[in-house]
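These notes are about the structure you will find just below.
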Amino acid sequence: MITRQAAQQMDQEDPLAGFRSRFVGEADHALYMDGNSMGRQPKEAEALVGQALAAWREQLIVAWREWIRVPRRIGDLIATSILEAKPGEVIVGDSTSVNLYKAAAAALSAQPGRRTILTSDDNFPTDLYMLQSLAAQHSLELKLLPADPVNGLNGAVLRSALGPEVALVALSHVAYRSGALLDMGEMTRMAHAAGALALWDVSHSAGSVQVPHSGCRRRSRRACGSRCGAGSATASSSRWRTSSRRRRASSRSWSASRRSFPPSRSSPACAASRKQGSAACRPRDRS
């Protein structure tokens with residue numbers, strides 16, 4: 001059994017102990033145990049929000065030139081400091097649930113003819129709700145694999161459920177109830193050997209344990225800011241996808257288009273392109 005004295009000693013030796021002073025309420029000595037869902041507010045947060053409001057007030061739409069780059073810049077920091085990913089592979093935006101839904105929908109659209117989704121019955125409830133919704137919308141079968149309440153999903157159970165009909169395996173790296181840690185690399189290899197894609201929720205592992213992105217690079221994965229930072233359950237989250245999967249599984253949006261603002265059809269550039277038979281000045285795509 002860990003004694004109070006031993007716990008205090010570990011606190012003193014913790015290399016991250018100095019970060020406590022950066023948060024509001026660090027001196028009240030309260031034992032706050034729900035930091036995974038809503039952490040303490042960083043002292044710098046109020047000033048940073050004020051800076052963003054000032055930019056909006058003073059620069060108006062010109063502020064967008066910087067804001068539109070923030071998701072990728074922060075994503076690169078997450079990729080290289082928390083996840084074993086490469087710059088350009090992580091993007092921040094939307095909520096945890098929205099990102100999971102989009103990632104799963106894109107993966108399923110890349111697997112035509114496969115009608116089954118696999119997950120574990122100890123997966124996070126929100127993950128299950130999203131997968132249930134997708135299965136109902138696309139007339140797919142969602143199979144809940146039985147997980148051990150202590151050790152989580154056994155690899156043998158997953159292997160026996162895989163087959164030519166499985167489109168997607170969606171799992172949590174760490175079980176939110178038991179803390180069971182799954183073998184991400186091995187289970188991903190199982191899925192790919194059967195022709196399925198893998199979607200991993202690393203909400204409860206990113207920032208706490210090693211997340212081996214580099215060890216099994218051919219998959220889709222989502223990382224969540226609300227579970228590994230000081231955010232709420234609807235806080236912005238991040239998504240990871242290797243470059244090899246970007247064309248095969250993608251979700252289209254207006255802001256993601258390389259030509260969100262093509263030149264006006266009456267501009268000199270368009271007049272020249274029309275003479276050359278170019279379609280560069282077609283109407284704007286707001287899909």
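Read the figures in this text as sums done on the coordinates, not as results from a lab. Bear in mind that the values here come from a model prediction, so they are computed numbers and not experimental data. We place every Cβ from the backbone using ideal geometry, glycine too, and count neighbours over all the protein chains shown.
I'd like the projected area of the range 25-104, averaged over all directions, using the convex hull of its alpha carbons. Report it in nm² with one decimal.
On the way: hull surface 31.0 nm².
If I average the Cα hull's projected area over directions, I get 7.8 nm².
What's the local net charge at S139, with K and R +1, D and E -1, over the other residues with C-beta under 14 Å away?
Details: positive: R114, R115; negative: E141, E165.
Around S139, the surrounding residues sum to 0.
Please sort 88-99, 136-147 by packing, taking for each peptide the average over its residues of neighbouring beta carbons within 10 angstrom, highest first. Working shown, then result.
Working: 88-99: 19.8, 136-147: 14.2.
Per-residue Cβ counts within 10 Å, averaged per peptide and sorted highest first, yield 88-99, 136-147.
Just add up the charged neighbours of N154: K/R +1, D/E -1, any other residue whose Cβ is under 12 Å from the Cβ of N154.
Spelling it out: positives minus negatives among the neighbours equals -3.
Would you list which aspartates and glutamates come within 17 Å of K86, measuring only between C-alpha atoms, while excluding same-chain residues fewer than 8 positions from it?
Correct list for K86: D76.
Name the long-range amide H neighbours of L199: under 5 Å, sequence gap of 5 or more, or other chain; modelled H, no Pro or chain starts.
For L199, the qualifying residues are V169, A170, L171.
Would you list which aspartates and glutamates come within 16 Å of K43, measuring only between C-alpha atoms, while excluding same-chain residues fewer than 8 positions from it?
Straight-line reach from K43, under 16 Å: E26, D28.
Pull out the extension gain between A47 and Q8, defined as 0.36 nm times the separation in residues minus the alpha carbon to alpha carbon distance; nm, one decimal.
Going from the current span to full extension adds 10.8 nm.
Starting from the 7 Å offset along Cα-to-Cβ, what nm value, one decimal, do you get for the label separation of Q59 and S21?
Roughly 3.2 nm, to one decimal.
Putting +1 on Lys and Arg Cβ atoms and -1 on Asp and Glu Cβ atoms, find which of G25, P42, I91 reaches farthest to the positive end of the dipole of the range 17-96.
The one lying farthest along the dipole's positive direction is I91.
Among H204, H173, what is the fewest-to-most ranking by other Cβ atoms within 10 Å? The partial results should precede the final answer.
Numbers: H204 21, H173 25.
Lowest to highest Cβ neighbour count: H204, H173.
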